[in-house]
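Trainee: One structure, as structure tokens, below. Some questions next.
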Amino acid sequence: MRLVLIGAPGSGKGTQANRLESELAVPHISTGDLLRAAVKADTPLGQKAKKVMDAGQLVSDDIMLDILEERLGAGDVANGFILDGYPRTLAQADALKSLLQRLQQPLDAVVEMQVPHEAIVARTRKRFEAEGRSDDNPDTVRKRLDVFAEQTAPVVDFYRQRGELETVDGVGTLSEVCGRILAVLPSTRNNKATA
Ligand code: AMP
């Protein structure tokens, strides 16, 4: 299963991807986590990315494609992956399509998680208090939501127009939302319909 999860910051993509990783037995690839690991390791890339992330902006498409290409080259993605946080721009959506075409591994599903604005603000505030992620401070979250509306919403439209998008309500318990996602995936749809 090659799945892309799309949603605004704080929509629960990471939480669901963690859960789906065991449900679907494919790795969760979070470009945000890959960047945070580079920041933690204080690599040149990490130092550059930190400034951009703390400003709530997007790291450049070129850098992101390099990171993704390297990650998709690892052996553990042979049976698929759950991509969380990529693509975030139309250029990234194009790059992903070309990369997967070259690898002969087209996407099976793109799932959008919809969560109302107020719930996102509340969730990220809670995460800020619990985990101290610097880009979860309320001002940066506002910026990240603007960036989502400007740069990532067109990606959602791109998949919708191609008839490749499934949208689920992202409000509910972990299990409820996970069940909704599983119900729209091609290979699990039938199982879930009779579960
Ligand atoms: P996330 O954990 O997915 O919310 O990502 C945290 C931050 O990492 C984002 O606000 C961006 O600054 C950066 N980032 C993660 N994925 C991407 C991407 N695909 N393109 C550009 N920047 C990204």
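Trainee: Any residue in the range 63-84 that is surrounded by fewer than 19 Cβ atoms within 10 Å (Cβ to Cβ) sitting within a Cβ distance under 7 Å of a residue that is assigned to a loop (DSSP other than H, G, I, E, B) and of a type outside the set (A, V, I, L, M)? List the pairs, counting only those 6 or more apart or interchain.
Mentor: Listed by first residue and then by second, the contacts come to Asp76/Pro27; Val77/Pro27.
Trainee: Among the residues of the range 13-33, what is the count of those that are surrounded by 17 or more Cβ atoms within 10 Å (Cβ to Cβ) and within 11 Å of the ligand (Cβ to nearest atom)?
Mentor: Here the count works out to 7.
Trainee: As an exercise: evaluate Arg36 against (1) farther than 22 Å from Asp157 by Cα; (2) more than 8 Å from the ligand (Cβ to nearest atom) and give the number of the one condition it does not meet.
Mentor: Unmet condition: (2).
Trainee: If you don't mind, there's one more thing I want to ask. Condition test on Arg2, is it within 27 Å of Gly179 (Cβ to Cβ), more than 8 Å from the ligand (Cβ to nearest atom) and among the basic types (Lys, Arg)?
Mentor: Spelling it out, Arg2 is indeed within 27 Å of Gly179 (Cβ to Cβ), more than 8 Å from the ligand (Cβ to nearest atom) and among the basic types (Lys, Arg).
Trainee: Quick check on the range 82-100. Is at least one of its residues in contact with an Asp or Glu (Cβ under 7 Å, 6 or more places away or on another chain), among the β-branched types (Val, Ile, Thr) and within 10 Å of the ligand (Cβ to nearest atom)?
Mentor: yes
Every read-out reported here was derived from the displayed coordinates using simple, explicitly stated rules and does not represent laboratory data. Note that this is a predicted model, so its numbers are computed, not measured. For neighbour counting, all protein chains shown are included, and Cβ atoms are generated from backbone atoms with ideal geometry for every residue, glycine included.
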